[in-house]
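Q: I have a structure here, written as structure tokens, and I will follow up with some questions on it.
The values are calculated or read from the model by the stated rules, or taken from the named source; none is laboratory data. Quick caveat, the model's predicted, so the values are computed rather than measured. Quick reminder, even Gly has a Cβ in these numbers, built from the backbone with ideal geometry, and neighbours come from all protein chains shown. The protein model used for the area step is the full one, side chains on, heavy atoms only, and it has no ligands, DNA or RNA in it. Shrake-Rupley method; radii C 1.70, N 1.55, O 1.52, S 1.80 Å.
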Amino acid sequence: MTGSSSGLGASIVKYLAKAGASVAVHYHSEKTQAEAIAQEIINEGGNAKVFGGDVASLEAVQTLFAQIDRELGPIDILVNNAGIDGKRALCGHDNPADWEKVIGINLLGPYFCAREAIVRMEKKSRGVIINITSVHETIPWTGYTAYCAAKAGLSMFTKTLAQEVADKGIRVVAIGPGAIKTPINKDVWGNPETLKDLLDKIPMERMGETDEIAKAAVFLSSDLASYITGTSLFVDGGMLLYADFKHGG
Ligand code: BGC
């Protein structure tokens, strides 16, 4: 479970633990927060271990999976959640290094983790990979070319990988969250004007809660979803429904 020290990841890892999974609480920079989440899980009778590492580094990911093998055993469920929006900047007026950073964490990271997970899952002929994408798999977002390119790329990676491993007992799916209230978009929901602008884009007229994503992750990783692969489940309060078309046209 990558990026589980805050936001969506923290909620997903707690729900998976509650559902009975032994969980790897992964963090990049917020070790103390990750440890607190693991402790919370342990206090509630679950099994959790903390692991650090940069998902954008192939070497760090290989080390991470070797550590997980030793401490928890080979992985059954991978949730590629670690991600950043990146800095808002128009193409040509941006910094290519920022673009590469977003692609590194949001797209290369899931690929590096998936390739480690796949070889382990193939040996057991079972496993589930969940990639956390976004409504920006499909909705363009000015100022965020890297983010949108990464999420659309992750969606196609999900489908292609699902096709590759479908006959090996491994499912690969994506969850596409809409605007979920987390630290990633605090600058938007923390300001009444930008919050109103955001809510106007959501037919359900509210932001999502992290547990609404976590419940989808528990469902998709369980046998309740045994015939679901290669698709994205959008959890977005209707954000993909073109809210502006509620009036006129
Ligand atoms: C982004 C959020 C944004 C939401 C809706 C998500 O993928 O991470 O910052 O609020 O999409 O635009």
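Q: Excluding Val119 itself, what net charge comes from residues whose Cβ is under 12 Å from its Cβ, given Lys and Arg +1 and Asp and Glu -1?
A: Values: positive: Arg115, Arg120, Lys123, Lys124, Lys168; negative: Asp69, Glu116, Glu122.
Taking every other residue near Val119 into account, the sum is +2.
Q: Say each of Ala66 and Ile42 gets a label point 7 Å from the Cα, pointing the same way as Cα to Cβ; how far apart are those two points in nm?
A: Reported label-point gap for Ala66 and Ile42 is 2.5 nm.
Q: With charges set only on the Cβ (+1 for Lys and Arg, -1 for Asp and Glu), what does the dipole of segment 7-245 come to about its Cα centre, in debye to the nearest 20? Mind showing how you got there, number by number?
A: Details: 23 positive and 29 negative charges, 101 e Å.
Dipole magnitude for segment 7-245 comes out near 480 debye.
Q: In the P(r) worked out for segment 7-245, what percent of Cα pairs fall beyond 26 Å? Kindly include the intermediate steps, with their values, before the conclusion.
A: Working: 10462 of 28441 pairs.
Result for the distance tail: 37 percent.
Q: Where only protein heavy atoms count, and the probe is 1.4 Å, what is the accessible area per residue for the chain in Å²?
A: Numbers: 12800 Å² over 249 residues.
Here the per-residue accessible area is 51 Å².
Q: Turning to a different aspect of this structure: Starting from 0.36 nm per residue, how many nanometres of slack lie between Cys91 and Ala166 once their C-alpha separation is accounted for? Don't jump to the answer; show the numbers that get you there.
A: Numbers: separation 75, 0.36 × 75 = 27.00 nm, distance 3.75 nm.
My answer for the length gained is 23.2 nm.
Q: Further question: Using a cut-off of 25 Å between alpha-carbon atoms, which lysines can reach Lys186, once sequence neighbours fewer than 8 places away in the same chain are excluded?
A: Partners within reach: Lys14, Lys31, Lys87, Lys101, Lys151, Lys196, Lys201, Lys215.
Q: Continuing with the same structure: Projecting each Cα onto the charge dipole of segment 124-174 (Lys/Arg +1, Asp/Glu -1 at the beta carbon, about the Cα centre), which of Ala146, Ile130, Thr160 comes out farthest on the positive side?
A: Checking the options against the dipole of segment 124-174, the answer is Ile130.
Q: Quantify, in whole percent, the carbon and sulfur part of the accessible surface of the chain (1.4 Å probe; protein heavy atoms only).
A: 54 percent
Q: Give the long-range amide H neighbours of Ile139: residues separated by 5 or more places, or on another chain, with amide H under 5 Å away, using H modelled in the peptide plane at 1.01 Å from N.
A: The answer is none.
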